[in-house]
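Only the coordinates and a few stated rules stand behind these numbers; no lab work does. As the structure is a computational prediction, the values presented were derived from the model and not from experiment. FYI the Cβ positions are ideal-geometry reconstructions off the backbone, even for glycines, and counts take in every protein chain you see.
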Amino acid sequence: MSGMIATLGVLPPEVLADLRALGFTDYEARVYIQLLRQSPATAYEVSKNAGVPRPNTYNALESLAQRGAVLAVSEGPARYVAAPPDQLLDGLSRQTSALCNRVSAKLAAMVWTVDDQHVWTLSGEEQVHAKIDALIDGCGESLMIKVAADILRRHKPALQRAADRGVEMLVVLFGEDADEFRMGPGCKIYIHEGNGVRMGKTDNLFTIASDHVEMVTATIQKQVVAVHTRNAPIVTMAESLIRHDFYMAEIFARFGDQIDAAFGPYLRDLRLACFTPEQAESFKQKTGLK
């Protein structure tokens, strides 16, 4: 029995840290976890097994009860049980979302109305992909995208929602299966240069422009980094990049054999004439050309 209690007393530091990030004090987090492991329990039992001083245990239990995280189920002595984690976190999520919406509305009313022309930097896989989804979900009329299929696949749910709203899409795809991303009559998919082969450093970019006013371009490699802006010249440049790749896809579809004869496969002669040595080496490795 003593061995079991000792084991119960070991609280995972990463879970404690997560609960603190959600607004729990250290003692509240320890008390809640202990009650998850051993309920119902008195304040004395919780204090002993969680390693929390008894006065702090009473304070933590009272605070947790007010938040709906624990419930007193008996008296003389009072015994407590912990709310199920999914129920507790679902409630916290709803409360946090409502609070964020209220604060967002209040802060928006304080903002000096000026078009944001800054270029913002985003880093980290979760933040970058969340921004891309937010851009897609906020789109009202048109999306222009240049991306590799394995990267775009992560955003298919958001793209489908956009297609269902009637958003027009122009996608230049590094990949083989254009049909995978055809989500309606307004979704036009073009395989990059007719072959979809990733040949250079920019092939790892996710470039997306929304409604001709906003864009994100992201490097999706070991380090995920992106820039986001509503700066008109930069948005125009991103759209021009995608539009010209659309032109190239159509030209390759009609004149592919003649282009290969003139410049070599994958526009070899043109690319090697202007690539850096590193880019040239990467091109040769990816295409198998010399």
### Fraction in percent of alpha-carbon pairs per bin - 5 Å, the chain
1, 5, 9, 11, 11, 10, 8, 8, 7, 7, 7, 6, 5, 3, 2, 1, 0, 0, 0
### Query
Using the count of nearby Cβ atoms within 10 Å as a rough guide to exposure, how do 284, 156 rank from fewest to most?
156, 284
#### Entry: Fully extended contour minus Cα-Cα distance, from residue 212 to residue 36, at 0.36 nm per residue
58.2 nm
### Message
Quick check: convex hull over the Cα atoms of the stretch 119-252, volume per residue in Å³, rounded to an integer?
### Response
94 Å³
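Say R0 is 35 Å: what FRET efficiency, to the nearest 0.05, do residue 93 and residue 274 get from their beta-carbon distance? All intermediate terms of the calculation are to be shown ahead of the outcome.
Numbers: r = 51 Å, r/R0 = 1.46.
It comes out at approximately 0.10.
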#### Entry: Spacing of the two label points (7 Å from each Cα toward its C-beta) at residue 20 and residue 71, in nm
3.0 nm
### Task
Using the structure shown, list the pairs from 188/284; 106/146; 106/131 with a Cα-Cα distance above 32 Å, or answer none.
106/146
### Message
Please compute the volume of the convex hull spanned by the alpha-carbon atoms of the stretch 2-83 and report it per residue in Å³.
### Response
80 Å³
